Structures are given as C-alpha cells and as structure tokens.
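What follows is one structure encoded as structure tokens, with my remarks underneath.
The numbers here are math on the coordinates, done by the rules we state, and not lab data. Every value quoted in this text rests on a predicted model; they were computed, and no experiment measured them. We place every Cβ from the backbone using ideal geometry, glycine too, and count neighbours over all the protein chains shown.
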Amino acid sequence: MYGLVNRAIKGLVQSRFGDAAWNTICQRADLDPGGFVAMEVYDDAVTYRLVEAASETLELPAETILEAFGEYWTVYTIEEGYGDLVSLMGSTLNEFLDNLDAMHERIGDAMPDLVPPSFDREALEDGSSILHYYSKRDGLAPMVIGLIKGLAKRFDTSIEIELLDGSAPGHQKFRLREGASES
Ligand code: 1DX
C-alpha cells in the first residue's frame with residue numbers, strides 16, 4: 001500500500017499513545033521509526049506487521065486498532081489535503097458511499113499502483129442498506145467499520161453498522177442503518 005497508509009498509522013499511534021509507544025511498535029515490527037514516504041509503495045506486509053506490533057504493544061485486539069485506524073483515516077486524509085476530493089464526492093453519507101469507486105478511480109489516475117477496494121451499496125425497502133465490500137486484501141473488514149463510522153461523523157449523521165455472515169473470498173457484506181442511535 002502507499003506509504004500514506006503507514007504514515008496514518010504512525011499519526012494515530014503518536015497522537016493517542018505518544019512517541020515512545022510508536023518507537024516500541026517499530027522495534028517490534030523491525031521497521032525504521034523514522035517513517036514512510038506517502039507516495040512510495042510498500043509491501044502490504046509492512047502494514048499488517050505494524051498493526052500486529054501495535055496490537056501486542058498496546059494490548060488491544062488487532063480489530064480494535066483497525067477500526068480506530070479506519071475512523072482516523074477519514075480525518076487524516078482531509079488534513080493531508082484530500083478534503084476537496086472528499087467534498088466533491090458527496091454531501092451525504094449514502095451519496096459518498098455510492099461514489100467511493102469513482103473516488104478511487106480518480107486517485108488511481110494519479111497513483112497507478114493503487115489497489116483500491118470496491119464498494120456497492122444496495123438500498124433496501126426498509127431504508128437500511130447492504131454495503132458490499134470487495135477487496136484483494138484479507139482481514140480489513142474492521143477497518144471498513146471504522147471508515148464508515150468516521151464518514152458518518154463527517155456527514156453529521158449516526159449509523160449502525162454490522163458485519164453480516166456469509167462472506168465469500170474477497171467479498172464481505174455490512175448492514176447499515178442510518179439515523180440509528182449512536183453505537
Ligand atoms: F469508506 O484494501 C472512505 O495503496 C471509505 O480492502 C473507504 O492500494 C474513504 F499517497 C493519496 C495517496 C498517495 C490518497 F498519494 C491514497 F499515493 C485513498 C485518500 C483513499 C483517501 C486504498 C489506501 C488502497 C491505499 C483499504 C483501506 C482496504 C478507502 C484504505 C480506504 C479515501 C484507502 O478512502 C482494502 C493502496 C489516497 C487516498 C481515500 C486506500 C491503497 C476508503 C476511503 N482505503 C494514496
């Protein structure tokens with residue numbers, strides 16, 4: 001993944017747990033604590049190692065870290081200058097979700113090594129949605145939960161999100177209920 005992802009993990013850890021925690025995590029993951037270049041591509045294994053080392057160091061489940069990271073990403077990328085693109089892609093949560101693939105296409109035009117996930121939102125009659133998530137990467141569903149929660153905050157709405165069973169390789173489904181009480 002592009003280094004921007006690993007930089008964001010660094011930002012999350014340093015802001016919540018401080019420099020010492022970050023240095024310990026890098027040591028455990030056998031990585032240079034100095035950092036990552038945003039537009040350089042790193043092996044996905046680097047990111048997975050960071051999450052694993054953070055989980056061990058902070059004594060938190062990897063899922064908790066991934067979810068916190070997803071939520072942080074929605075704030076971090078705006079700070080890093082991608083806010084205009086985000087604004088362009090929608091003014092409501094559902095509109096934004098419906099435009100996520102277009103957004104990744106736009107980013108991919110400039111960043112040819114991007115391996116973006118794909119999302120497809122199915123609106124149900126009762127007003128809830130099924131969000132289909134397709135990815136070449138394993139184990140990142142908790143991060144998607146955080147991403148959606150972060151987006152809900154950004155669009156000033158509340159959301160209930162639940163991972164549904166019956167996933168196929170590379171395909172997971174979530175149920176979204178907007179306007180549900182904050183979870
Ligand atoms: F709900 O792969 C809201 O490297 C969402 O399954 C979900 O393959 C917002 F550094 C610049 C750069 C660069 C901008 F300049 C990426 F190169 C991308 C900014 C997306 C904002 C995907 C990051 C692939 C890197 C992937 C989880 C889970 C998608 C991470 C979240 C908006 C982003 O992102 C999976 C890669 C950006 C950039 C956004 C992503 C790669 C998302 C979302 N993805 C790089």
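Per-residue extension of 0.36 nm, minus the Cα-Cα distance of residue 78 and residue 120, leaves a gain of 12.8 nm for this segment. Over the chain, the reciprocal of the mean inverse Cα-Cα separation, the Kirkwood hydrodynamic radius, stands at 17.1 Å.
Given +1 at the Cβ of Lys and Arg, -1 at the Cβ of Asp and Glu and no other charges, the dipole of the chain around its Cα centre is 240 debye to the nearest 20. Taking every Cα-Cα distance in the range 87-183 and sorting them into 10 Å bins from zero, the calculated P(r) comes out as 15, 49, 32, 5 percent. The string of couplings for the range 56-67 from the Karplus curve (6.51, -1.76, 1.60, θ = phi - 60°) is 5, 5, 8, 6, 10, x, 4, 4, 5, 5, 5, 5 Hz, one whole number per residue in order, with x for Gly and Pro. Output the 0 to 90 degree angle, nearest 10, between the alpha-carbon long axis of helix 141-154 and the longest principal axis computed from the alpha carbons of the chain. It is inclined by approximately 70 degrees. Which residues does the label zone of residue 175 cover in the range 91-131, counting backbone N under 16 Å from a point 7 Å along Cα→Cβ? Within reach of a label on residue 175, which here means backbone N under 16 Å from a point 7 Å along Cα→Cβ, the range 91-131 contributes 122-131. Computed per residue of the chain from DSSP H runs no shorter than four, each worth -39500 (n - 2.57), the mean residue ellipticity at 222 nm is -16000 deg cm²/dmol. In order along the range 89-98, phi translates into HN-Hα couplings of 8, x, 10, 10, 4, 5, 4, 5, 4, 5 Hz, rounded to whole numbers, per the Karplus curve 6.51 cos²θ - 1.76 cosθ + 1.60 with θ = phi - 60° and x for Gly and Pro.
Overall, the ratio between the Cα radius of gyration of the range 27-111 and 2.2 N^0.38 Å, rounded to two decimals, is 1.29. When the trypsin sites (Lys or Arg not before Pro) in the range 134-183 are filtered for DSSP coil states and for at most 14 other beta-carbon atoms within 10 Å of their beta-carbon, the remaining sites are 136, 137.
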